[in-house]
1. Quick one: what does P(r) look like for region 174-299 with 10 Å bins over all Cα pairs, in whole %?
2. So, with +1 on the Cβ of K and R and -1 on the Cβ of D and E, and no other charges, what is the size of the charge dipole of the chain about its Cα centre, to the nearest 20 debye?
3. So what is the diffusion coefficient of region 293-348 in µm² per second by Stokes-Einstein at 20 °C and 1.002 mPa s, using a Kirkwood Rh over Cα pairs?
4. Give me the tail of P(r) for region 1-128 as a percent: Cα-Cα pairs with distance above 27 Å.
5. With respect to the cross-link table entries 24/77; 2/77; 24/343; 2/343, which display a Cα-Cα separation exceeding 24 Å?
6. In 10 Å bins starting at zero, report the fraction of Cα pairs in region 196-264 per bin as a rounded %.
7. Give me, ordered by chain and number, the residues 5 or more places off residue 110 or on other chains with an amide H under 5 Å from its own placed amide H.
8. Which ³J(HN,Hα) values, rounded to whole Hz and listed in residue order, are derived for region 100-115 from phi using the Karplus coefficients 6.51, -1.76 and 1.60 in 6.51 cos²θ - 1.76 cosθ + 1.60 with θ = phi - 60°, glycine and proline given as x?
Amino acid sequence: MKATTIYAAHDVRLEDQPDPTIQKPSDAIVKVVATCVCGSDLWYYRGDNPIKDPFRIGHEFVGVVEDLGSDVRSLRKGDFVIAPFMYSDNSCPHCRVGIQSACSVGGFWGGPDRDGLMADGGQGEYVRVPLADGTLVATREIPDPAMVPSLLALSDVMGTGRHAAMAAGVQEGDTVVVVGDGAVGLSGVLAASRMGAERVVAMSRHEARQQIALSFGATDVIAERGEAGEAAVLRLTDGVGADAVLECVGTGQTMTTALAAARPGATVGYVGVPHGVELPVRTMFSRNIGVAGGVAPVRQYLPALRDDVLSGAINPGLVFDLELPLDEVAEGYAAMDERRAIKTMLRP
Ligand SMILES: [Zn+2]
């Protein structure tokens, strides 16, 4: 099969790899229907995260079950499935409280599992899925092809946006500020809106992203950044600040903005992978601002979000503004790196 390996900054290649086979009775083999490039893949692509050895990349995919191990109970060959960006057994103590991203036997795509067996990356033609019963969520039937982008968005960005909104404690009628206009921030706008926020403020200075935010339910857009953006939030909220804030980037600057946008007593839900973030505990203390979140347990939200997509209640696939064949994966990365695309979908 063909699959993607990242060798170094700005060097991703689609290459021949061994076809995966069932290694353990709890495995599934999935034929990938669609996959995509993540903002977090760009940390490696841009050289912000060092690459010691080349590795298989991609952690978002949907596909069709091609083969199953003998212990798998919840899936059948031919099922259309959504994979979360981590695999998990969905039954250990951490999974049972809904933090499948901390599963005691789970892990990430693109490397060896706990038995040293390859769990393939998502940006390829096939994936060996460990712990298939706990990991994969199937649709009842093969979905309309038009639904595929929105189902793929559940693999990471929509579930992550949803986690930011849950961690921030978004309630019906709230005013919510979303910091970050990447695919996760836009998904956060959609999640907050779906959870009943009355006012959703998207902080974005890019016209195309503002348009998606508005179609996802944003009621206001703030184009300013930094202190000017913080002042704009206060103007919009009569000097009070937001009831809930979603921090969807992960830099020191965006966390500062998120904390400044929160009214006393509010919580900042954070899902951007932190790079150089220091929390000002003294300020948080004096203003009663909470910070909650972390690696999104996408698996927890998948069944509900799947039903929302299939019923047409949400259409998170709008975050994909570039679709390429898997052969052009390198261009898919370059387009996102150069901000020519918000998010690239790839089809084998
Ligand atoms: Zn678990």
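1. For region 174-299, the binned pair fractions read 15, 50, 32, 3 percent.
2. 640
3. Diffusion coefficient, whole number: 163 µm²/s.
4. Counting every Cα pair in region 1-128, those more than 27 Å apart make up 17 percent.
5. 24/343
6. 21, 56, 22, 0
7. Residues meeting the criterion, in which the H sits 1.01 Å from N, are 119, 120, 121.
8. 5, 6, 10, 3, 6, 10, x, x, 9, 6, x, x, x, 7, 5, 9
Each reported figure results from applying straightforward, stated rules to the coordinates on display, with no laboratory input. Every value quoted in this text rests on a predicted model; they were computed, and no experiment measured them. No Cβ is skipped: glycine too gets one built from the backbone with ideal geometry, and neighbour counts run over all protein chains shown.
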